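The values are calculated or read from the model by the stated rules, or taken from the named source; none is laboratory data. What you are looking at is a predicted structure, and each value in this text was computed from that prediction instead of being measured. No Cβ is skipped: glycine too gets one built from the backbone with ideal geometry, and neighbour counts run over all protein chains shown.
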Amino acid sequence: MLTTQLDPLAASLFSLMAIASLVLAFVMLGSRWLNNYLYAFALESWIIAALSASVAYYGGYPELYLIAFLTALFRGLVLPFLIWRIMRRLDVSRELHEILQPSSALVVGALGVVFALVVAYHIGDSMGLASRVAVLALTVMLSMKLIGFLMLAVRREALSQILGLLVLENGIFLGAQILIPGMPLLIEIVILFDLLIIVACFGVLIQYLVANVGSTSSRDLKRLVG
Amino acid sequence: MAGALLLTLMLAPAVAALGCIVFRQARIAEWLNLGAASVSFAAAIPLTMLSAGGPRHYWANYIVVDMLGAWVALCGAIVYLLASIYAVGYMRLLGEDEKLWGFYALFALFALTIFACVVMNDAGLYWIAVELTTLVSTFLVGFERAAESIEAAWKYIIIVSAGISLALLGTVLFYWSGSFVLGPTYQMTWDVLREAAPRMNPQLVTLSFLLVLVGYGTKVGLAPMHTWLPDAHSESPAPISAMLSGALLNAAMLGIVRYLAIVDSAGVGPLTRTTLVAFGIASLLVGTLFIVRQNGVKRLMAYSSVEHMGVIALGFGFGGPLGVIGALYHMLNHSLNKSLMFFGAGNIMRSLGSKDISSLRGVWIRFPVQGALWLAGAVAITGAPPFGLFLSELVILRAGLTQSFAWAVYITLVLLIVIFVGFLNHFRVMYFEPEEKQSAAPVSAWCVAPMWLSLIPLLILGLWWPHAIWDHLTAIARVLSGAGS
C-alpha cells in the first residue's frame, strides 16, 4: 500500500495538493462568472496532474507519469479549450438565475465537506487506517462529489452543468491517484478519453439547444413534466 | 465456437454502422441495420445455449461470456431485431430520408455498446461501456430535433452522467477495498472481486455497493433516480424507445446484479438487499402514481418501464433461486412486451397525429388488427394472464413470501392491482369513447409485423414455460448464489 509507507514530505505534499483542489472547487462554487469556473477547473486539473506525477515519484509507479502527462494535456488543456470555444460561441459570461446565491452555496458546500469528513473518518476508523493521507483523500473525493452535485443542482446554465459534471469526475480522479495508484493503466486512459468524448457530445448538444430551444438555461427546459 | 459467435454478435452492428457511414443512403442503411440485427439475433441464441457450458474468457480476461451476460445479450438482441424491423416502416414516416443514414449508424452503434456492456468482465470497463451507451443514445433521443426531444436528450445526458459518476466512485472504492487483499495492482474482474470480497472491509464494501447501486440505478431508472426516463423514452423515435426500455435498462441492471453477487459473498448483512428492495418498491409506487394520471401515451409506457424495472429489482432483491429466475424471466418478457407497446404507441401516434391520450379516440374501429394486438399487449404488461409477465411476476412474488420481505410483496400486490386498473382505463378511453372526426393515416406492414412477432412469443411464454429456459435460469441462479460455477 502506498499510503502506509509515506515519508512525511510526500504525505504533506499530497495533502497540500488535495486541499488545494478542494479550495478550487469552492472557488467554482462561490463565483458566478463562467470564466472563473473555467480557470479554476483548468488549475485544478493541473494540480491533479502534479499529484499523479508526485505519486509516481514517491510511490514508484512509473506508469503514472504517463497519466500525469495525459491529465495535464486532456483535462488541463483540451477540455478547457473545448469549453472556452463553446463559451465564446454562446456569448454567455455569467450565471444569471442561480437558485442559491454563491454565498449560501458556499455555506452548503462547507456543510457537505463536514459530512464527507465524518464519513471518511468513520470508514478510516473501521479499517484502522494509520495514514491520515488516505482519510484526507477520501474526504476530498467525497466533498468534491457533493460540491459537484451542488453545482449541478443550483446552477442553470448549460456550461455550469458541464463544469459541475467535470468537478464530479475530478474528485474521483484525484482520490483515485492517492488511494489506488496501482489501478490498471488501460482503465485510467480509457476514462480520460471517455471524458473527452463526453465534452464533445455536450458541445454538439448545446448547439442543438441553441438552435431548437433558443436558450441554454435549464430554466427554459420545462416542456416535459408529469 | 463461442468465440466466433461472440465476434459475430459484436461485428455485425459494427459493420452495419460503418456501412451506413460509407454509403450515406437511407435505403441501404435500413437494410444494413436490419441485416446486422438478424445476424446478431442468430448469433445470440446459440451463444446463450453454449454459455451453459461454463464461462469463457477472451482477450486477457477482459471479455467474458457467461450465462447471465448471454441471457441479457439475448434479450437485447431480440429487441434490436424487432426494433430494426419496425424502424424500417416508422422512420420512413418521418420524411427525413437524408438524415436517416446517421440514425441507422447510431442505432447499430447503440446496439453494439449494449452488447459490449454485457460481455465486459472488468468492472471499470463495464462502467465505460455503460457510459458509452449514454453518449450514443443521447443523439438518438434527440434525433427528431424538436425542442422537446432536445430537452429530453439534455436531461438524459446530464442526469445519467451525474448518476453514473457515483457508480465510478463506487467502482474506485471497490478497487480500493480489494487492494488491501490483492495488492495494489490487480485486474478487477467480477470473479476476482467476488473471491476477495469475504476478506474486504465490510463497511467500505457496503458504502461502495450503495454508491454503485445509486449510480447504475440511475441508468436502470429506479425511482427516485428515474427522472430522465419518461422524457427520454417518450421523446425519442418509437424504435429507440423500445431499445432504451427493452435492452438498455437490462444491460444496466446486469451491473447491479453482478455487484450484488459480490456483496453477497462479502456477507455484509441485509442492508444491501433491503436497499434494493426499497428502490424496487419506490419505483413501483412512482410508476403507479404517474400511470394513473397520465396523458402522454408514450409517457404511460415509460412509467410502466419504471414499474417493471422495480419489479425486476424486487426479484433480484428478494434473491433465492425463485427471485433470480423470476427476475430473469421477467427481463425477457418485459423486453418483448415493452417493444410491442412502444410500437403500438408509435403507430397510433403517427396515424392520428397526437401523443395525448385525451385526443386519441376510436382506436379499435380505425385499426382493428393492430388495435387488438396493442390491447392484448396492454393486458399483458399489467401482468394479467395468459401472458409471460403474469408468470414471472408470480414467481417473483412467491420468492418474496418465503423470506423476510413479505411486507414488500403485499405492497407490490396492491400497487399492481392499481396499475392494472389505471393502465387499462386509459385504453378504455382510447378504444371505446365516442370518436371525434380525425383523419387517420395508414401505417405500413413493417410497423405491424413486429407487433405480431413480439405478441406471439409472449403468449407462448405465458402458456408454457419451456423446461430448457427454466433449467438455464436455475443454473444462473445457482452461479449467482455462489454454489458453483
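Just a few scattered comments:
- Hits in the range A:122-151 (condition: within 10 Å of chain B (Cβ to nearest Cβ) and among the basic types (Lys, Arg)): A:145
- Of all the residues in the range A:61-90, those that are of a type in the set (Asp, Glu) and crowded, with 22+ Cβ neighbours inside 10 Å number 0.
- Near pairs, Cβ below 7 angstrom, 6+ apart or cross-chain, from the range B:284-299 (over 14 Å from residue B:416 (Cβ atoms) and within 12 Å of chain A (Cβ to nearest Cβ)) to any residue that is among the polar types (S, T, N, Q) and assigned to a helix (DSSP H, G or I): B:295/B:358; B:296/B:234; B:298/B:234; B:298/B:241; B:299/B:234
- Test: residue B:44 is under 20 Å from the mean Cα position of the chain (by Cα) and free of Cβ contacts under 8 Å to residues at least 40 places away in the same chain: yes
- Filter pass, residue B:169 being of a type in the set (A, V, I, L, M, F, W, C) and at the interface with chain A (Cβ under 9 Å from one of its Cβ atoms): yes
- Residue under evaluation residue B:160, criteria (1) at pLDDT below 90; (2) of a type in the set (A, V, I, L, M, F, W, C); (3) within 20 Å of residue A:159 (Cβ to Cβ), criterion not met: (1)
- One residue from B:422, B:482 being outside any helix (DSSP H, G or I) and either on the phi > 0 side of the Ramachandran plot or touching a helix residue (DSSP H, G or I) at 6+ places or on another chain (Cβ under 6 Å) (or both): B:482
- Filtered residues of the range A:152-190 (kept if more than 9 Å from chain B (Cβ to nearest Cβ), surrounded by 23 or more Cβ atoms within 10 Å (Cβ to Cβ) and of a type in the set (Val, Ile, Thr)): A:167, A:178
- Residue among B:138, B:189 that is more than 8 Å from every other protein chain (Cβ to nearest Cβ) and either hydroxyl-bearing (Ser, Thr, Tyr) or farther than 30 Å from residue B:285 by Cα (or both): B:189
- Residue check for residue A:114: of a type in the set (A, V, I, L, M, F, W, C) and in a helix (DSSP H, G or I): yes
- Residue in the range B:162-181 that is polar (S, T, N, Q), within 18 Å of residue B:215 (Cα to Cα) and either surrounded by 24 or more Cβ atoms within 10 Å (Cβ to Cβ) or free of Cβ contacts under 8 Å to residues at least 24 places away in the same chain (or both) present: yes
Table: residues versus (1) out of contact with any Leu (no Cβ under 8 Å at 6 or more places or on another chain); (2) polar (S, T, N, Q); (3) crowded, with 24+ Cβ neighbours inside 10 Å.
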site: B:65; (1), (2), (3): no, no, yes
site: B:84; (1), (2), (3): no, yes, yes
site: B:88; (1), (2), (3): no, no, no
site: B:93; (1), (2), (3): yes, no, no
site: B:106; (1), (2), (3): no, no, no
site: B:110; (1), (2), (3): no, no, yes
site: B:113; (1), (2), (3): no, yes, no
site: B:121; (1), (2), (3): yes, yes, yes
site: B:148; (1), (2), (3): no, no, no
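- Some residue of the range B:448-457 being without any contact (Cβ under 8 Å) to a residue 60 or more places away in the chain, out of contact with any strand residue (DSSP E or B) (no Cβ under 8 Å at 6 or more places or on another chain) and in a helix (DSSP H, G or I): yes
- Residue in the range A:135-145 that is within 24 Å of residue A:60 (Cβ to Cβ), among the aliphatic types (A, V, I, L, M) and surrounded by fewer than 24 Cβ atoms within 10 Å (Cβ to Cβ) present: yes
- Residue in the range B:213-220 that is without any contact (Cβ under 8 Å) to a residue 60 or more places away in the chain, assigned to a helix (DSSP H, G or I) and crowded, with 24+ Cβ neighbours inside 10 Å present: yes
- Scope the range B:226-265; condition within 14 Å of chain A (Cβ to nearest Cβ) and under 29 Å from residue B:122 (Cβ atoms); matching residues: B:226, B:228, B:229, B:232
- Residue-level analysis places residue B:175 among those that are closer than 21 Å to residue A:188 by Cβ and of a type in the set (Phe, Trp, Tyr).
- Candidates B:408, B:380, B:384, B:399 - the one that is modelled with pLDDT of 90 or more, under 20 Å from residue B:461 (Cα atoms), surrounded by fewer than 23 Cβ atoms within 10 Å (Cβ to Cβ) and not charged (D, E, K, R): B:384
- For the range B:146-166, taking the residues that are hydroxyl-bearing (Ser, Thr, Tyr) and more than 7 Å from every other protein chain (Cβ to nearest Cβ), the one that is farthest from residue B:228 (Cα to Cα) is identified as B:149.
- Subset tally (residues that are more than 8 Å from every other protein chain (Cβ to nearest Cβ) and farther than 19 Å from residue B:113 by Cα) for the range A:191-210: 4
- Positions within the range A:208-220 being in contact (Cβ under 8 Å) with a residue 12 or more places away in the chain and in a helix (DSSP H, G or I), in sequence order: A:209, A:210, A:218, A:219
- So residue A:58, is it crowded, with 17+ Cβ neighbours inside 10 Å and not aliphatic (A, V, I, L, M): yes
- Residues located in the range A:175-203, provided they are assigned to a helix (DSSP H, G or I), more than 18 Å from residue B:164 (Cβ to Cβ) and at pLDDT 85 or above: A:177, A:178, A:179
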